[in-house]
Amino acid sequence: YFIKDGFARAYFYHDTKECTTWFMGTGDFMISVFSFFTQQPAVENIELLEDTTLLSLTWTQLQNIYADFVEFNFVGRLITEKYYMMSEERAILHRTLSALERYKIMIKKYPLIMQKAKLGQIASYLDMSQETLSRIRANKGILT
């Protein structure tokens, strides 16, 4: 899906705990990457967090567009590169930065997340407990 207007998140379950992997908003593409490209059942779930207008495209339709409009392969590559770079950046940040540093980056780069998602979802996305996120948010002077 392409999010024409709205906000969503992707998550999976580890044991019984929800683990948020992405937040997506207006202008983003929303797919479970592995599921879409392998045409296998998804591990990830996608949840709309507000009223959302979506444009859909099936895997078969995408393949037909690639075949019929060769120049669209370039667009597809640029989109893939964008999201792959974001995924790698997130993986590195989660392995190298403290909880506070991850929070600071998120509010600077993705301020809408704080407005549109629940604290538990945000804590999960930042790979920290909700209590840790609450402590960071309570100490606002630390962010200046």
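Taking the condition closer than 30 Å to ILE136 by Cα, surrounded by fewer than 11 Cβ atoms within 10 Å (Cβ to Cβ) and touching a residue at least 24 places away in the same chain (Cβ under 8 Å), does ASP15 pass? Judged against the criteria, ASP15 is not a match.
Only residues that are within 25 Å of LEU126 (Cβ to Cβ) and without any contact (Cβ under 8 Å) to a residue 12 or more places away in the chain: list them for region 34-52, please.
The answer is PHE34, SER35, ALA42.
Checking each residue in region 74-97 for being within 16 Å of PHE29 (Cα to Cα) and open to solvent by less than 70 Å² (accessible area, probe 1.4 Å) picks out VAL75, GLY76, ILE79, TYR83, MET86, SER87. Taken over region 116-144, residues that are exposed (fewer than 10 other Cβ atoms within 10 Å of the Cβ), modelled with pLDDT of 90 or more and not in a helix (DSSP H, G or I) amount to 0. Whenever a residue of region 53-71 is aliphatic (A, V, I, L, M), its partners that are surrounded by 10 or more Cβ atoms within 10 Å (Cβ to Cβ), lying with C-beta atoms within less than 6 angstrom and at least six residues away or across chains, give the pairs LEU54/TYR1; LEU55/PHE2; LEU55/LYS4; ILE65/PHE72. On the given criteria, is GLU71 more than 11 Å from the chain's Cα centre (by Cα), farther than 20 Å from GLY120 by Cα and open to solvent by 50 Å² or more (accessible area, probe 1.4 Å)? Taking the combined requirement at face value, the residue satisfies it.
The single condition among (1) basic (Lys, Arg); (2) under 22 Å from ALA123 (Cα atoms); (3) open to solvent by 50 Å² or more (accessible area, probe 1.4 Å) that ARG102 does not meet is (3).
The values are calculated or read from the model by the stated rules, or taken from the named source; none is laboratory data. Since the model is a prediction, treat every value here as computed from it, not as a measurement. Glycine gets a Cβ as well: all are built from the backbone with ideal geometry, and neighbour counts include every protein chain shown. When the accessible area is computed, the model is the full protein with side chains, heavy atoms only, and any ligands, DNA or RNA have been set aside. Shrake-Rupley method; radii C 1.70, N 1.55, O 1.52, S 1.80 Å.
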